[in-house]
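Worksheet for the structure shown next.
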Amino acid sequence: MNYISTRGAGIGERHTFSDILLGGLAKDGGLYLPGEYPRLSADELARWRALPYADLAFEILRKFSDDIPVEELRELTRRTYTAQVYCNVRDEENAAQITPLKTLGVEDGAPLSLLELSNGPTLAFKDMAMQLLGNLFEYTLAKHGETLNILGATSGDTGSAAEYAMRGKKGIRVFMLSPHKKMSAFQTAQMYSLQDPNIFNIAVEGVFDDCQDIVKAVSNDHAFKAQQKIGTVNSINWARVVAQVVYYFKGYFAATKSNDERVSFTVPSGNFGNVCAGHIARMMGLPVEKLVVATNENDVLDEFFRTGIYRVRKSSETYHTSSPSMDISKASNFERFVFDLLGRDPKRVLQLFRDVEEKGGFDLQASGDFARVREFGFVSGRSGHDDRVETIRDVFHRYDTMIDTHTADGVKVAREHLQAGIPMIVLETAQPIKFGETIREALEREPERPAAFSGLEDLPQRFQVLPNDAQRVKDFVAAHTGA
């Protein structure tokens with residue numbers, strides 16, 4: 001399989017999965033995508049239905065990573081997706097499923113379910129891709145005798161998932177940027193309490209978008225990137241996106257009895273990486289009716305899917321909310337979808353994202369391109385703090401199920417797009433303990449806490465506060481790599 005940039009650089013060059021694995025942005029600032037998506041046969045879809053999670057991951061990943069020997073890839077997925085790694089389940093009987101489907105009930109004639117994605121070591125869906133990425137990185141680096149310095153940005157869950165996946169990995173250091181004092185206490189403690197010598201936490205005086213902009217600025221400094229051997233684990237990393245494709249298939253199989261049925265997915269969205277994986281699953285041939293994008297008050301994506309206008313917000317216009325992992329006003333993965341929406345025209349994509357940088361956005365309604373959005377199954381909705389609290393309360397009292405704030409955004413918006421007879425699957429984001437303040441507000445009780453996380457917030461924390469300045473971050477990285 002050959003990978004291409006959304007902005008067209010390197011046309012005629014060949015890039016394998018392993019070539020792009022350790023990097024982030026393409027050299028022209030675009031994002032990598034396959035030259036064409038693999039299409040599934042009916043026989044393949046039928047055969048995959050009965051596979052355990054690790055083997056399903058192998059079958060999907062091998063279509064995108066045909067440069068990795070088959071048996072080595074199979075070993076990687078089987079080592080990653082085990083009940084020992086995904087042990088933070090709320091129902092022991094479902095531990096082996098890795099991503100159990102929890103049916104809440106039938107509303108407006110549609111089965112409404114949660115796909116549990118937060119049973120991994122950091123209790124967030126990011127583990128589903130990050131644990132695989134850690135093993136892929138270590139495998140690839142060992143094969144070539146190389147080292148890697150990972151630079152990432154997090155609004156809450158990516159950072160801890162990356163650090164737990166990379167801690168102790170040979171040849172890897174992690175430099176993780178997070179917005180200073182803007183994550184939940186549990187999220188902050190998960191990251192900052194790690195004392196592993198290859199983990200460096202940097203608290204940036206700004207919001208998540210500032211952290212993300214610094215990562216992009218460093219990625220675009222090709223000389224520094226090469227000298228310091230910089231790689232990324234943010235959702236712009238293609239391997240992370242394709243790893244997330246797997247649970248859309250798993251969720252579909254769990255919610256249906258035959259491949260003639262269709263389902264819809266609702267995805268709490270900030271950076272568009274998770275729902276982008278759903279788009280790719282649909283392009284591969286998964287029978288998806290709707291992909292519902294659920295945002296919080298930072299509703300850049302909802303605005304686009306309602307109006308065709310993509311308008312990024314300034315840092316000062318980004319809300320700090322009770323679903324902080326979605327406090328994002330510049331969706332990094334959105335460019336991948338726009339590339340497909342525009343018929344894979346890299347010149348137009350390049351111009352549109354220049355307009356984002358120079359004018360703050362673009363309008364696809366005026367050009368007529370927005371009409372094609374419905375062909376891809378996308379709809380959207382928005383949720384606010386009061387919606388989250390009410391949804392958490394309703395789901396708990398109606399279904400005896402406690403959900404986190406981001407999943408609550410998803411359930412609220414999912415209910416606006418139910419279709420009788422079409423199962424609606426909401427992708428769970430995290431376990432409620434990560435957002436205890438809002439759970440207490442909604443339910444007047446403490447959230448459920450896995451035993452392994454007892455006393456987490458009381459552990460000593462190690463982090464460095466830096467200003468919102470890419471050069472200061474570069475200086476910190478250089479000082480701690482010895483390069």
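The values are calculated or read from the model by the stated rules, or taken from the named source; none is laboratory data. Note that this is a predicted model, so its numbers are computed, not measured. Cβ: placed from backbone, ideal geometry, glycine included. Neighbour counts: every protein chain shown.
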Hey, does the stretch 234-246 have a residue that's among the aliphatic types (A, V, I, L, M), closer than 16 Å to residue 24 by Cα, touching a residue at least 60 places away in the same chain (Cβ under 8 Å) and not in a helix (DSSP H, G or I)? yes
Could you tell me which residue of the stretch 115-153 is nearest to residue 402 (Cα to Cα), considering only residues that are without any contact (Cβ under 8 Å) to a residue 60 or more places away in the chain and touching a helix residue (DSSP H, G or I) at 6+ places or on another chain (Cβ under 7 Å)? 120
So which residues in the stretch 341-364 are over 16 Å from residue 33 (Cβ atoms) and surrounded by fewer than 14 Cβ atoms within 10 Å (Cβ to Cβ), if there are any at all? 351, 354, 357, 358, 359, 360
Scan the stretch 187-203 and report the pairs whose first residue is touching a residue at least 24 places away in the same chain (Cβ under 8 Å) and under 16 Å from residue 121 (Cα atoms) and whose second residue is of a type in the set (S, T, N, Q) and not in a strand (DSSP E or B), with Cβ atoms within less than 7 Å and a gap of 6+ or a chain change. 187/160; 189/461; 190/122; 190/160; 191/160; 192/461; 193/461
With 356, 395 as the choices, which residue is under 27 Å from residue 188 (Cβ atoms), assigned to a helix (DSSP H, G or I) and either at pLDDT 95 or above or not acidic (Asp, Glu) (or both)? 395
How many of the residues in the stretch 189-205 are assigned to a loop (DSSP other than H, G, I, E, B) and touching a strand residue (DSSP E or B) at 6+ places or on another chain (Cβ under 6 Å)? 1
Go through (1) in contact (Cβ under 8 Å) with a residue 24 or more places away in the chain; (2) closer than 30 Å to residue 40 by Cβ for residue 106 and report which single condition fails. (1)
Suppose we keep only residues that are at pLDDT 95 or above and in contact with a Leu (Cβ under 8 Å, 6 or more places away or on another chain) within the stretch 305-332. Which one would you say is surrounded by the fewest Cβ atoms within 10 Å (Cβ to Cβ)? 309
Every pair of residues 6+ apart whose Cβ atoms lie under 8 Å, when the first sits in the stretch 59-84 and is in contact (Cβ under 8 Å) with a residue 24 or more places away in the chain while the second is of a type in the set (Lys, Arg) and surrounded by 15 or more Cβ atoms within 10 Å (Cβ to Cβ): 68/62
Of (1) of a type in the set (D, E, K, R); (2) free of Cβ contacts under 8 Å to residues at least 24 places away in the same chain; (3) in contact with a strand residue (DSSP E or B) (Cβ under 7 Å, 6 or more places away or on another chain), residue 210 fails just (2)
Log entry, pairs with first residue in the stretch 418-438 being under 15 Å from residue 111 (Cβ atoms) and touching a residue at least 60 places away in the same chain (Cβ under 8 Å), second being of a type in the set (Asp, Glu) and assigned to a strand (DSSP E or B), beta carbons closer than 8 Å, six or more apart or on different chains, reads 418/107; 419/289; 422/289
Please go through the stretch 106-149 and pick out each residue that is at positive phi and surrounded by fewer than 22 Cβ atoms within 10 Å (Cβ to Cβ). 108, 109, 145
Where residues in the stretch 206-227 are more than 12 Å from residue 151 (Cα to Cα), small (Gly, Ala, Ser) and surrounded by fewer than 20 Cβ atoms within 10 Å (Cβ to Cβ), which of them is farthest from the chain's Cα centre (by Cα)? 223
Return the residues of the stretch 241-287 that are of a type in the set (Val, Ile, Thr), more than 15 Å from the chain's Cα centre (by Cα) and buried (at least 22 other Cβ atoms within 10 Å of the Cβ); say none if nothing qualifies. 263
